[in-house]
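To keep things clear, I will list the structure first and then write my remarks on it.
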Amino acid sequence: MHVTALSGGVGGARFLRGLTTHLARTSDLADTTLTVIGNTGDDITLFGLRVCPDLDTLLYTLGGGVHEGQGWGRADDTAAVQTELAALGVQPQWFGLGDRDLGTHIARSLWLGQGHTLSEVTARLADRWGLPDGGITLLPMTDTPVETHVVVDEGEGPRAVHFQEWWVRMRAAVPAQRFLVVGMERATAAPGVLDAIRKADVVLLPPSNPVVSVGIILGVPGVRDALRGTQAPVIGVSPLVGGRPLRGHADACLRAIGVETSSAAVAGLYADFLTGWLVDDSLDEVGEAPAGVHVRRRPLLMRDLDSAADLAGAALGLGLELRRR
């Protein structure tokens, strides 16, 4: 069996680590392979280096090297280089890069500079983290450089800032007027992306940001059409628990596109291809899911690896049930 997932960073990575744990614990699913299509709209160039935050979080989490407390970056990392850059007055300092983490960005930037595609570079990094040995293929959504920017107004008129500046430095406290995906007009799906969706047995949408993670992947030409056309059930997991995001600023992103912060409204963003939808059982009012979507209520909080494995197993289980129908 083959499972394909469209994922952002921390929440998606933890869910997918739970999925690989569930698969390893379930004897009749042990041979299942997983393709993860990662968001690259968060990508940014810092200190002359190309940084891919969501791909890196997926690499480190699935490869067993993530900083668990943060959910991103490398475990047991140090910050000697960033400290020295600060002493030299090099900006920006609002985005922290650890010393081990910098090794990833240096290697990526070197290989990209030598003419390798982002897909080729990501495959090399995945090899370093042992993902292929675990039956995991990590693909960027596109090899075309794409960056999400945010139009804000801090009182001096509208201006566009990189998504990372709005997300990290501003903490999304300045309302977003709209999102601009720079480069998407030139983008094509990376090799293997569309086939992974079309040929999957089950497609999963982990609890990632529906606007600036999953939503950006859906903007790559051909991806949404592939989801509409696949024979596989498409199962999504709401990113909201108790009617709000547990981390990040999904509510601020939804407001910017005029969508209410509710699981039903998020499901509506996927209505043209969604088959099944997991929502948190703490919600008093789930709302109406799109017609034809099978809704299951259950705890969505991923407190630890076991609860993440249970959640991922429930999502996959719903997909297999609907596939058999």
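The values are calculated or read from the model by the stated rules, or taken from the named source; none is laboratory data. No experiment lies behind these values; they were computed from the predicted model shown. Virtual Cβ from ideal backbone geometry, glycine too; neighbours counted across all protein chains shown.
One residue stands out among those in the range 192-217 that are of a type outside the set (A, V, I, L, M, F, W, C) and over 22 Å from Arg244 (Cα atoms): the one that is surrounded by the most Cβ atoms within 10 Å (Cβ to Cβ), which is Asp201.
Tell me, please, whether a residue that is surrounded by 15 or more Cβ atoms within 10 Å (Cβ to Cβ), part of a loop (DSSP other than H, G, I, E, B) and at pLDDT 95 or above can be found in the range 302-309. Within the range 302-309, one or more residues are surrounded by 15 or more Cβ atoms within 10 Å (Cβ to Cβ), part of a loop (DSSP other than H, G, I, E, B) and at pLDDT 95 or above.
Applying the set (1) under 30 Å from Arg303 (Cα atoms); (2) more than 19 Å from the chain's Cα centre (by Cα); (3) β-branched (Val, Ile, Thr) to Val81 leaves exactly one unmet item: (1).
Give me a count of the residues in the range 49-78 that are among the β-branched types (Val, Ile, Thr) and over 17 Å from the mean Cα position of the chain (by Cα). Steps first, answer last, please.
Filtering the range 49-78 down to residues among the β-branched types (Val, Ile, Thr) leaves 51, 57, 61, 66, 78.
Okay, now just the ones that are also over 17 Å from the mean Cα position of the chain (by Cα), so 78.
Residues in the range 49-78 being among the β-branched types (Val, Ile, Thr) and over 17 Å from the mean Cα position of the chain (by Cα): 1 in total.
Of all residues in the range 47-86, which are aliphatic (A, V, I, L, M), free of Cβ contacts under 8 Å to residues at least 60 places away in the same chain and within 18 Å of Asp304 (Cβ to Cβ)?
Restricting attention to the range 47-86, the residues satisfying the condition of being aliphatic (A, V, I, L, M) are 49, 51, 55, 58-59, 62, 66, 75, 79-81, 85-86.
Checking which are free of Cβ contacts under 8 Å to residues at least 60 places away in the same chain leaves us with 51, 66, 75, 79-81, 85-86.
Hits for the range 47-86 are Val66, Ala75.
Of all the residues in the range 125-139, those that are under 15 Å from Pro191 (Cβ atoms) and either part of a helix (DSSP H, G or I) or touching a helix residue (DSSP H, G or I) at 6+ places or on another chain (Cβ under 6 Å) (or both) number 3.
Of the numbered conditions (1) of a type in the set (S, T, N, Q); (2) more than 23 Å from Gly41 (Cα to Cα); (3) crowded, with 16+ Cβ neighbours inside 10 Å, Gln231 satisfies every one except a single condition; which is it? Only one criterion is unmet by Gln231, namely (3). In the range 270-280 there is at least one residue matching the filter, namely being within 26 Å of Val151 (Cβ to Cβ), out of contact with any Phe, Trp or Tyr (no Cβ under 6 Å at 6 or more places or on another chain) and assigned by TED's automatic domain parsing to the domain that holds Leu19. Taking the range 159-183 as the range and being touching a Lys or Arg at 6+ places or on another chain (Cβ under 9 Å) and surrounded by fewer than 16 Cβ atoms within 10 Å (Cβ to Cβ) as the test, only Pro175 passes.
Residues that are in a helix (DSSP H, G or I), in contact (Cβ under 8 Å) with a residue 24 or more places away in the chain and within 26 Å of Ala172 (Cα to Cα): does the range 87-95 have at least one? Talk me through it step by step, then tell me what you get.
Looking only at the range 87-95, we keep the residues that are in a helix (DSSP H, G or I), and these are 87.
Now restrict to residues that are in contact (Cβ under 8 Å) with a residue 24 or more places away in the chain: none.
So far as the range 87-95 goes, no, none of its residues is in a helix (DSSP H, G or I), in contact (Cβ under 8 Å) with a residue 24 or more places away in the chain and within 26 Å of Ala172 (Cα to Cα).
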